[in-house]
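Rule-based calculations on the coordinates, nothing more; no lab input. Keep in mind the model is a prediction, meaning the values are calculated, not measured. Positions of Cβ are generated from backbone atoms using ideal geometry, with glycine treated the same way; all protein chains shown enter the neighbour counts.
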Amino acid sequence: MQLDLEDQILEASKIIQKGGLVAFPTETVYGLGANAFDPEAIAKIFKLKNRPADNPLIVHISSLEMLPKLVNNISETNQKLIDNFWPGPLAIVFPKSQLVPDIVTAGLNTVVIRFPNNPIAQQLIAKCGAPLAAPSVNPSGKPSSTNPQHIRDYFENQIFVVEGEPSEIGLESTVINALEPTPIILRQGAITQEQIKEVLGKEVEVAQKQTKVQSPGMKYRHYAPEAKLELIPLGENILDKIELYIKQNLKVGALVSSEIYNTLPNAVIAFDLGSKENYKDISANLYAGLHYFDSQKVDIILSESFQHQGLGLAIMDRLQRAAE
Ligand code: AMP
Ligand code: MG
């Protein structure tokens, strides 16, 4: 029998306190949490995900009082980011305190922290009485989980899941390093470069894959479904490509906005991301689309492209990486 939410949170906090792992909802994607101060528990995250040891984890807090134990210093710039974007989908780089185990930060002298605004995440972290180091719930390299079913598809019943709604944003948090004179976005997300620029009142860069690797996770393959994903550039006709592949007897998946979904031939296995008038729907549905094509065992996925602006930048970032 399914426990009610309060009992799920209680059960999850007991597991965390005993050094175990639990999955829980956040507004970005579901997280796979362990006590951030317990190196043996953290090691279980790396093992379960088969995550490279040099890819550090984000630490999640449920109140600003948790910060002093985690960080050495809060710069004026970081304080501005906290004041404007927390709780929310922005993860911030801080100089780390000695109490944070090296395994969390992959030996770096910085730690990335986020204060999620999802109430279930907040209640769970508060109940644990400790910050939770938590990456997304997926084997390393695969699309993140945005609902409890995705987690069971990957890990069956290996981990206890606190069941929440499907993730509201559906893309991982924005990660920002504002310790440098010119702040740099290490990963794009729902908090955009424009928003951060406006709050800080100065230039903000976005890390490019080609430049020096700033965020260790950037060098790895990410968000990749089983089938090859081909991203059709804006302005090109996705229907022509679909027909071409169908003629080659391929089982084709189409990841498209509602506007295109409604025009597709029957032979296509299609996933409706929502109207392209509303990028919030597209981002919220994106990973469910990738999971769907894994379950349908298609030969190839053709995806529509979206505008490189606002939330579209993070959506395109994930699609481009999924296509690599
Ligand atoms: P994940 O939790 O798997 O969604 O990914 C966390 C992201 O944050 C990865 O891209 C990491 O490389 C990045 N990250 C975590 N800690 C740090 C850090 N101290 N410095 C730079 N990037 C970090
Ligand atoms: Mg991840």
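For ALA323 and LYS69, what does the FRET efficiency come to when R0 = 45 Å and r is the distance between their Cβ atoms, rounded to the nearest 0.05?
0.65
Whole-Hz ³J(HN,Hα) for each residue in the range 224-237, computed from phi via Karplus 6.51 cos²θ - 1.76 cosθ + 1.60 with θ = phi - 60°, x for glycine and proline: what do you get?
8, x, 4, 7, 5, 10, 10, 8, 7, x, 4, x, 8, 8
Could you tell me how many degrees, from 0 to 90 and to the nearest 10, lie between the Cα long axis of helix 76-85 and the main elongation axis, the longest principal axis, of the Cα atoms of the chain?
60
Stokes-Einstein at 37 °C, 0.692 mPa s, Kirkwood radius from Cα pairs: D for the range 147-302 in µm² s⁻¹?
182
Taking Cα pairs under 8 Å and at least six residues apart, what relative contact order does the range 230-324 come out at, in percent?
35
Ranking request for peptides 154-163, 173-182, 72-81: highest mean number of other beta-carbon atoms within 10 Å first, then the rest in descending order.
Going from most to least packed, we get 173-182, 154-163, 72-81.
Normalising by the residue count of the chain, find the relative contact order in percent from Cα pairs under 8 Å and 6+ residues apart. List each step's numbers first, then the result.
Values: 674 pairs, mean separation 60.3, N = 324.
Reported relative contact order: 19 percent.
Just to check I understand the Karplus step: with θ = phi - 60° and J = 6.51 cos²θ - 1.76 cosθ + 1.60, what whole-Hz values come out for the range 283-298, glycine and proline as x?
Rounded to whole hertz, the list is 5, 5, 9, 4, 6, 4, x, 5, 4, 4, 5, 4, 5, 8, 6, 6.
How large is log10 I(q)/I(0) at q = 0.12 Å⁻¹ when the Debye formula is applied to the Cα atoms of the range 174-248, each weighted equally and without solvent?
-0.54
Tell me the mean residue ellipticity at 222 nm calculated for the chain from its helices only (DSSP H runs of n ≥ 4, each -39500 (n - 2.57), averaged over every residue, nearest 500).
That calculation yields -10000 deg cm²/dmol at 222 nm.
Farthest toward the dipole's positive end in the range 134-197, which of SER167, THR146, SER136, given Cβ charges of +1 (Lys, Arg) and -1 (Asp, Glu) about the Cα centre?
Looking along the dipole axis, the top candidate is SER136.
Amide H of LEU231 versus every other amide H placed in the peptide plane: which residues, excluding those fewer than 5 positions away on the same chain, fall under 5 Å?
Those qualifying (amide H under 5 Å, at least 5 residues apart or on another chain) are SER303.
Would you mind computing the Rg to Rh ratio of the chain from its alpha-carbon coordinates, Kirkwood style for Rh?
Taking Rh as the inverse mean 1/r over Cα pairs, Rg/Rh reads 0.97.
Pick out, in residue order, every one of the trypsin sites (Lys or Arg not before Pro) in the range 225-313 that is DSSP loop and has at most 16 other C-beta atoms within 10 Å; say none if there are none.
For trypsin sites (Lys or Arg not before Pro) across the range 225-313 that sit outside H, G, I, E and B with at most 16 neighbouring Cβ atoms in 10 Å, the list reads LYS251, LYS297.
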